[in-house]
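A quick write-up on the structure given underneath.
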Amino acid sequence: MTAELVRGQNHPLPDTRLEIRVSAGHPVLAGATLADEAGRIPGAEWIAHPGASSLPGVDVPRAAAADHRLSVDLGAMPGTVHRISVLLALTGHGGAARFGAVAAPFVAVAGSDGSEIASYTVTGLDSETAVVALELYRRQGAWKVRAMGQGYEGGLAALLGDQGLERPADAAAAILAAASGPAPAVTAPRPRVPEPERVPRSTPPAPDSAGPADSAAPDPALPVVPAPEPPAGSNHPTPLATPVVPDPASPVAQDPTPPPPPLPPVVSDPAPTVPVTPPRGTGAGTDTGARAPGGPIDYSHPRRGPAAAQEPPQSPPQAPPAPVAGDASGWSMDERLYNQVWGMFEDLARTAAAYRSACDFAESRLDRELDQTLSDYRARNGGANDAARAAARARHDELVERARTVLDRDLAQLAAESEVVEPALPAAYARWDNPVWHAYRVPTEEPMAVRLGDLHLPERAELRIPMLVRLPLERGLWVDSGRGHSEAAGLLDETELRRLALDSAVAHTARLLAAHPAGGFTVHVLDAAGAGAASLAPLVDSGVLAAPPARGAAGVSAVLEQLTERVDLLQMAVRAGAADALPPGLDTARQLLVVHDFPHGFDDRAVTRLRYLADEGPSVGVHLLMVADRADAAAYGPLLDPLWRSLLRLTPVPDDHLADPWVGHAWSYEPPVLPPGSGVLRQVLAQVAAASRGKGS
């Protein structure tokens, strides 16, 4: 059964030899791009388009048309190709100016036997002139198809630029110029059709627009048999290939029934053959076989038996491959695991978006059908309305059940992958309860990212995706100690919530320290009122802080002034290209400023410096970690709004506050939690402090 996809939904591909059918109702350019795992096109030579219609494993049409057939052989794809994007574009040569003005394009993926595997109607387009309709992508050694429907108002140039192609405008202009030329006389080869199934068309073809009409012109739908190559040294000219023309007096030509639709052209035999035309009026060919009374003429080759019309073998549905940790691309295991985790995040986001979209579509169609039944007053009597409503609800339930089946399948695969990936994560990516922390050693180089918690969606709350943040930090962090709107925060009093917030900030700080080499990360703490002494004890007792936590307004001002001067010096050195001119003894390690109980102890000058550090610090390695309630800073009015917006908000309790502009999800964030009674935090901090002292000595 054909899977009718909605935008974002994926479907496994059981076959490697595919045909992608496009029906646009208007002439469009069809092509394909071959990209790496990151979705980037290495160069213009990896784009299949009318001017370069064949690439390894891909054949596309050679001109713009309303209907297209693209051939894809996934087995012939180079190993570096992980994504194949099927694109459609308007050429702009006397046609529609935008996709919103024409019928929605329809694309279908068919297997080698011709049966449709999946289909997708590209709806929701308006001013776009180019669109990525489908994406075939490699996932854990298997191929899947995803309904994309990603349109571009900037046209083909914007589409290619979004996939990382250099000089996309030049490539788009060349592709559109190739599509605007005349269509080639020879169509792309199609799958071989058995000889007995080929029935020539009896109606004459329409004159070709490229030249004058000729009654002797061959019918493009008829099989053309190539002429033999002349012997070496022969002076005879090479004869033109001659089409096999049916006898006008034969029953095929005299049949008053409408002619059958044109069939794919015959793939000629590689052996040299001669053109053979049946003599007119005889009803049989000289060497091509005989015609049974009332039957069609057999035009099979005299030296080649007809191929047996056999059904192609049906490959059994393949079970998804067993997940393997680190099967993504990358130069190191660290990079491969990072890419795999975010691949899981993308898959969860898209499959949930597809499920929600399918449910919304089912609901809207149910409402529309119920409105139609209520508006038909003639069916109110006799129970017709009840039957129509029951049928509409049955169709709604069927759509939702199908969408749920696909969602459960994808979630089960992601859950299996998570069970394999989670134990294999390094310390920087692992949860605090992972056994890898018991074998922790201070790294010699900085990892790609650190884990700051977990993410999940309500469709399956127990499926957690690690929240990895790249290093160095591009923005500061803010652990919100306010009540917010979460249900978990509403169950705690203000004092307990503030304590949890500082505990969470200490766990984040310890993880950042553990992820950097010895001496590569320096931590400063501002605790003006001294209210966080209990939670800050692991940092203070282990000796990983640059100095004891600063107290009072004077201590806050001194630390802020020191870090502000450091940012100024480093920025001047970077701009002047004089990094060797920095003062001797300047700490070149990355700096983290933990601010607790803000705005206690801050005057206007201190607030101005704090905003400066938030804006300019990350570019030279100075980062903020705020532990505060935004409501406490309300006295400053809108002055601090830019500060809060520049920080990544984290919560000490589960909350669904992380907005995802990509697919519109609200992700639930789970803060990192240390196992009850565990000493892993102090053990890790002790090793960091020992390594820093050893390097300093």
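The values are calculated or read from the model by the stated rules, or taken from the named source; none is laboratory data. Model, not experiment: these values are computed from the prediction. FYI the Cβ positions are ideal-geometry reconstructions off the backbone, even for glycines, and counts take in every protein chain you see. What goes into the accessible areas is simple: the full protein's heavy atoms, side chains included, and nothing from ligands, DNA or RNA. Shrake-Rupley method; radii C 1.70, N 1.55, O 1.52, S 1.80 Å.
Quick notes on this structure:
- The lone exception for Gly484 - which of (1) touching a residue at least 24 places away in the same chain (Cβ under 8 Å); (2) open to solvent by 30 Å² or more (accessible area, probe 1.4 Å); (3) closer than 30 Å to Arg404 by Cβ it fails: (3)
The rows are residues; the columns are (1) touching a residue at least 24 places away in the same chain (Cβ under 8 Å); (2) open to solvent by 40 Å² or more (accessible area, probe 1.4 Å).
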{"site": "Cys359", "(1), (2)": "yes, no"}
{"site": "Arg365", "(1), (2)": "yes, yes"}
{"site": "Ala388", "(1), (2)": "no, no"}
{"site": "His396", "(1), (2)": "yes, no"}
{"site": "Leu414", "(1), (2)": "yes, no"}
{"site": "Glu417", "(1), (2)": "yes, no"}
{"site": "His438", "(1), (2)": "yes, yes"}
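- The listed residues are Leu536, Leu500, and the only one of them that is surrounded by fewer than 22 Cβ atoms within 10 Å (Cβ to Cβ), in contact with a Pro (Cβ under 7 Å, 6 or more places away or on another chain) and assigned to a helix (DSSP H, G or I) turns out to be Leu500.
- Every condition in (1) over 33 Å from the mean Cα position of the chain (by Cα); (2) surrounded by 21 or more Cβ atoms within 10 Å (Cβ to Cβ) is met by Ala518 except one, and the failing one is (2).
- Taken together, Val341, Val324, Val406 contain a single residue that is in contact (Cβ under 8 Å) with a residue 40 or more places away in the chain and surrounded by fewer than 16 Cβ atoms within 10 Å (Cβ to Cβ), which is Val324.
- From Leu468, Leu463, Leu473, Leu502, residue being under 18 Å from Val673 (Cα atoms) and out of contact with any Ser or Thr (no Cβ under 9 Å at 6 or more places or on another chain): Leu468
- Test: residue in region 79-89 that is open to solvent by 30 Å² or more (accessible area, probe 1.4 Å), of a type in the set (D, E, K, R) and within 23 Å of the chain's Cα centre (by Cα): yes
- Single residue of region 134-155 satisfying the filter (outside any strand (DSSP E or B) and in contact (Cβ under 8 Å) with a residue 40 or more places away in the chain) that is nearest to Leu407 (Cα to Cα): Gln140
- When Val680 is tested against (1) touching a Pro at 6+ places or on another chain (Cβ under 9 Å); (2) in contact (Cβ under 8 Å) with a residue 60 or more places away in the chain; (3) among the β-branched types (Val, Ile, Thr), only condition (1) is not met.
- Whichever residue in region 643-665 is free of Cβ contacts under 8 Å to residues at least 60 places away in the same chain and open to solvent by 50 Å² or more (accessible area, probe 1.4 Å) and, among such residues, is farthest from Ser504 (Cα to Cα): Pro661
- Tallying residues that are touching a strand residue (DSSP E or B) at 6+ places or on another chain (Cβ under 7 Å), outside any strand (DSSP E or B) and over 21 Å from Ala353 (Cβ atoms) within region 16-39 yields 1.
- When residues of region 1-19 are limited to those that are open to solvent by less than 50 Å² (accessible area, probe 1.4 Å) and of a type in the set (Asp, Glu), the one farthest from Val132 (Cα to Cα): Asp15
- Any hit, region 417-426, residues being among the hydroxyl-bearing types (Ser, Thr, Tyr) and in contact with a strand residue (DSSP E or B) (Cβ under 8 Å, 6 or more places away or on another chain): yes
- Pair list, Cβ < 6 Å and 6+ apart or interchain, from region 69-98 residues that are closer than 14 Å to Val58 by Cβ to residues that are loosely packed, with under 14 Cβ neighbours inside 10 Å: Ala76/Pro56; Pro78/Pro56
- Unique residue being of a type outside the set (A, V, I, L, M) and at pLDDT below 90 when the list is Asp615, Asp597, Asp629: Asp597
- Residue in region 329-337 that is within 13 Å of Asp410 (Cα to Cα), open to solvent by 30 Å² or more (accessible area, probe 1.4 Å) and either part of a helix (DSSP H, G or I) or out of contact with any Leu (no Cβ under 8 Å at 6 or more places or on another chain) (or both) present: no
- Residue check for Leu457: hydrophobic (A, V, I, L, M, F, W, C) and over 25 Å from Met344 (Cα atoms): no
- All positions within region 440-458 that are open to solvent by 10 Å² or more (accessible area, probe 1.4 Å), over 22 Å from Gly520 (Cα atoms) and not in a strand (DSSP E or B): Pro458
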